[in-house]
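The values are calculated or read from the model by the stated rules, or taken from the named source; none is laboratory data. Nothing here was measured: the structure is a model prediction, and the numbers come from that model. FYI the Cβ positions are ideal-geometry reconstructions off the backbone, even for glycines, and counts take in every protein chain you see.
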Amino acid sequence: MTHNLAPFAFHTERRLVVLTGRKARNLEELLAHLGEVSGSSIFHHTHHQYLAHHFETPVFHSDFSRWASLALLEEALAEKLAAIDLLAFSSIRQLREAIIATIQPYAKGNGRRQECMPGQEFHFSESKSFVMPSGIVAEDIPDFFAKLPGVANTSLYFHFFEARLRLGRETNDFSAWLAYRGAEELARAIDRLNPYRMSLDELRDRIARLGK
């Protein structure tokens, strides 16, 4: 019966960003580290801009793209790194492999070893996430959309970005819960949203409009 179905508990997170001690001066060194750093480092360098700039879509979609453009002046590579469709991956492993495959032709096929200026090295960081209940709980679908405007961006980020890719879930938490509640069409509509092409504020608004 409907009244026995579980509510949706919004969670939030706090992130601690730490340096790994790894740095790269050129693409060869970047590739070597990319194959060895933790998955949390890959996720951090491809996703943290979306939370930091919650009110606008980031200019550079990953730190790797930004560094290739600004430090190495590899504009063609920067564009290809920026064009990687993050929504196409269901695991960090797949994303790591795609980044490495994109960089390899430029590291080995251009006949030169382009190095950045001193002080512009790529420093690998990783983020440690501490997930906790936000205190906001939706008892049913109307209650979910009534409470969505008051949900923090860190909560939206966790349920839409972290849960799907970093935690390896098939879809975002909102769509999974709505489907569980029997709203499959609404769940699919939200799942079709591309969070990488809009700000978090825009994402919240789009989800809210779908629920009207």
For the range 79-90, name all the residues that are surrounded by fewer than 14 Cβ atoms within 10 Å (Cβ to Cβ) and part of a loop (DSSP other than H, G, I, E, B).
-> 83, 85
When you go through 156, 178 one by one, which is the residue that is closer than 18 Å to residue 10 by Cβ, in a helix (DSSP H, G or I), modelled with pLDDT of 90 or more and within 16 Å of the chain's Cα centre (by Cα)?
-> 156
Residues of the range 34-56 being part of a helix (DSSP H, G or I) and either modelled with pLDDT under 90 or not hydrophobic (A, V, I, L, M, F, W, C) (or both), in sequence order, are 39, 40, 41, 44, 45, 46, 47, 48, 49, 50, 51, 52
Taking residue 169 as the residue in question, decide whether it is basic (Lys, Arg), touching a helix residue (DSSP H, G or I) at 6+ places or on another chain (Cβ under 8 Å), part of a helix (DSSP H, G or I) and free of Cβ contacts under 8 Å to residues at least 40 places away in the same chain.
-> no
Is it the case that the range 92-100 has a residue that's in a helix (DSSP H, G or I), modelled with pLDDT under 95 and surrounded by fewer than 16 Cβ atoms within 10 Å (Cβ to Cβ)?
-> yes
Can you name the residue in the range 115-125 that is at pLDDT 95 or above and assigned to a strand (DSSP E or B) and is also nearest to residue 157 (Cα to Cα) among such residues?
-> 125
Just give me the residues in the range 124-142 being within 9 Å of residue 15 (Cα to Cα) and either buried (at least 18 other Cβ atoms within 10 Å of the Cβ) or small (Gly, Ala, Ser) (or both), in sequence order.
-> 127, 129
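Answer with yes or no whether residue 12 is at pLDDT 95 or above and of a type in the set (S, T, N, Q).
no
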Take residue 85 and decide whether it is closer than 21 Å to residue 44 by Cα and of a type in the set (D, E, K, R).
-> yes
Scanning the range 76-97 residue by residue, the ones that are over 21 Å from residue 36 (Cα atoms) and either out of contact with any Phe, Trp or Tyr (no Cβ under 9 Å at 6 or more places or on another chain) or in the same structural domain as residue 167 (by the TED database) (or both) total 3
Tell me, yes or no, whether the range 177-188 has at least one residue that is surrounded by 15 or more Cβ atoms within 10 Å (Cβ to Cβ) and in contact (Cβ under 8 Å) with a residue 60 or more places away in the chain.
-> yes
